[in-house]
């Protein structure tokens, strides 16, 4: 992504830039696995305690022993606190691992430094500006080799470079293999934010990439080298949006779902600092065309749906913004979405959110209203549905200020409820009624909760705001926006 690779504060001073694993537990935790505010452990010497802290643009892979996550070189630095308080040399692209998708261990960096060819390319177009960190790594396994596709760029410029590094272990060491695609200030597209997939039928390997500058593109890779199949051919457009000159689209993530025999392209809209949100389209082929919820081609200049995430606030929490740039994991048929979440009120601390992803009978994904805490799904009876729920019906929110390069400028963020999709407490009655003007009826068939004409998946999960197990639902409304719910009484 563009600015989403940089930490942005009002002063711009925050820039810095075993055994087989399983995700199931047998009982509910007694409390949240960690607190959301990590401002007391920001220095580098605390990295072994960070866990999900300081994770931006996550990419995930599963091995026999661990889940591994790779992320952008982005760190929250508490004002007035020295960040690098050790003699340790920092590398690039942080690596974390976990056995349960809840507790994460910092294991180091994928590369010791930014490859010089990438720096030279960016600097040649920017007057030696930028190329200070590495953005949006994507992890991909080819035979016994782990490949990391990385991005190097300069904010506000198409002078960008996607390179490839390889290693025999997910923990490295990784060796740079050179450029996959690069763009300059005259290019239509922008060479950042890679996501790679192999066609299940043809065996061809495709890389989706791009951003705000020119939309998202797809190009073919050489499977053996991992580099461009046809050097100089930067591919074709697969996704853009309405008002593309001023509104952000970036962060493609491409996956395949075998049950539906469909390829799903997840993208992120709008400013990462505030209203970042995830949308998705699907296709019969990994190189498109991708159609959205209403059958629109994502390569056309229209906004696409469904919308899966957005800025939100449940009761007993200051709220989460910046819920975008996702990675998606198919864990033996159980799906998860990972993305950054920025903690209100300042939106500077970044936690990795991991959410269960469910699939509607129509073949569209939805994500959990709550972060994953290791609970197993349980059978839910119809008698458990009536009661008090907190429900959020997502919608696009009005920008608080004029955007700059599609992002929030310094001083452009005001913390109040208008900056969030805020939950409402609603009563689901025994007779199938809901005490709300527009969301007013429900039915339940043992798996799907239908609210008005929106079909939702019902499942158990952990209520992070109230620290208890509860019942959740997630669905898509007729207008293509998400609806989330959690039972609170």
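Can you find a residue in region 373-393 that is part of a strand (DSSP E or B), within 12 Å of the chain's Cα centre (by Cα) and either modelled with pLDDT of 95 or more or surrounded by 22 or more Cβ atoms within 10 Å (Cβ to Cβ) (or both)? Let's see the steps before the verdict.
So the first thing to find is which residues in region 373-393 are part of a strand (DSSP E or B), and the list is 387-393.
Of the ones still in play, those that are also within 12 Å of the chain's Cα centre (by Cα) are none.
Among the residues of region 373-393, not one is part of a strand (DSSP E or B), within 12 Å of the chain's Cα centre (by Cα) and either modelled with pLDDT of 95 or more or surrounded by 22 or more Cβ atoms within 10 Å (Cβ to Cβ) (or both), which makes the answer no.
Give all pairs with beta carbons closer than 6 Å in which a residue from region 245-256 that is more than 24 Å from residue 335 (Cα to Cα) and in the same structural domain as residue 277 (by TED's automatic domain parsing) meets a residue that is assigned to a loop (DSSP other than H, G, I, E, B) and modelled with pLDDT under 95; count only pairs at least 6 apart in sequence or on separate chains.
Between residues of region 245-256 that are more than 24 Å from residue 335 (Cα to Cα) and in the same structural domain as residue 277 (by TED's automatic domain parsing) and residues that are assigned to a loop (DSSP other than H, G, I, E, B) and modelled with pLDDT under 95, the close pairs are 248/212; 248/406.
Each row is one residue, and each column tells you yes or no for (1) crowded, with 16+ Cβ neighbours inside 10 Å; (2) outside any strand (DSSP E or B).
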{"position": "141", "(1), (2)": "no, no"}
{"position": "166", "(1), (2)": "yes, no"}
{"position": "170", "(1), (2)": "yes, yes"}
{"position": "173", "(1), (2)": "no, yes"}
{"position": "185", "(1), (2)": "no, yes"}
{"position": "197", "(1), (2)": "yes, no"}
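Given the criteria in the same structural domain as residue 143 (by TED's automatic domain parsing) and surrounded by 24 or more Cβ atoms within 10 Å (Cβ to Cβ), does residue 59 qualify?
Values: in the same structural domain as residue 143 (by TED's automatic domain parsing): yes; surrounded by 24 or more Cβ atoms within 10 Å (Cβ to Cβ): yes.
In short, yes.
Matching residues to (1) closer than 26 Å to residue 167 by Cα; (2) in a strand (DSSP E or B); (3) modelled with pLDDT of 95 or more; (4) not assigned by TED's automatic domain parsing to the domain that holds residue 325:
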site	(1), (2), (3), (4)
15	no, no, no, no
36	no, no, yes, no
69	yes, yes, yes, no
88	yes, no, no, no
95	yes, yes, yes, no
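Just one of the numbered conditions (1) closer than 22 Å to residue 426 by Cβ; (2) surrounded by fewer than 24 Cβ atoms within 10 Å (Cβ to Cβ); (3) in contact with a strand residue (DSSP E or B) (Cβ under 9 Å, 6 or more places away or on another chain) is not true of residue 311; which one?
Only one criterion is unmet by residue 311, namely (2).
Given (1) under 15 Å from residue 153 (Cα atoms); (2) surrounded by fewer than 22 Cβ atoms within 10 Å (Cβ to Cβ); (3) in contact with a strand residue (DSSP E or B) (Cβ under 9 Å, 6 or more places away or on another chain), identify the lone condition not met by residue 213.
Result: residue 213 passes all but (2).
Go over the candidates 413, 442, 359 one by one and state the one that is modelled with pLDDT of 95 or more and outside the structural domain of residue 483 (by TED's automatic domain parsing).
Numbers: 413 fails: modelled with pLDDT of 95 or more; 442 fails: outside the structural domain of residue 483 (by TED's automatic domain parsing).
Checking each option against the conditions leaves just 359.
With the condition kept exactly as written, say whether any residue in region 149-164 is surrounded by fewer than 22 Cβ atoms within 10 Å (Cβ to Cβ), more than 23 Å from the chain's Cα centre (by Cα) and assigned by TED's automatic domain parsing to the domain that holds residue 61.
Within region 149-164, not a single residue is surrounded by fewer than 22 Cβ atoms within 10 Å (Cβ to Cβ), more than 23 Å from the chain's Cα centre (by Cα) and assigned by TED's automatic domain parsing to the domain that holds residue 61.
Which number in (1) at pLDDT 95 or above; (2) touching a strand residue (DSSP E or B) at 6+ places or on another chain (Cβ under 8 Å); (3) at negative phi marks the one condition that residue 454 misses?
Unmet condition: (1).
The values are calculated or read from the model by the stated rules, or taken from the named source; none is laboratory data. This is a predicted model, so every value here is computed, not measured. Backbone-built Cβ (ideal geometry, glycine too); neighbour counts: all protein chains shown.
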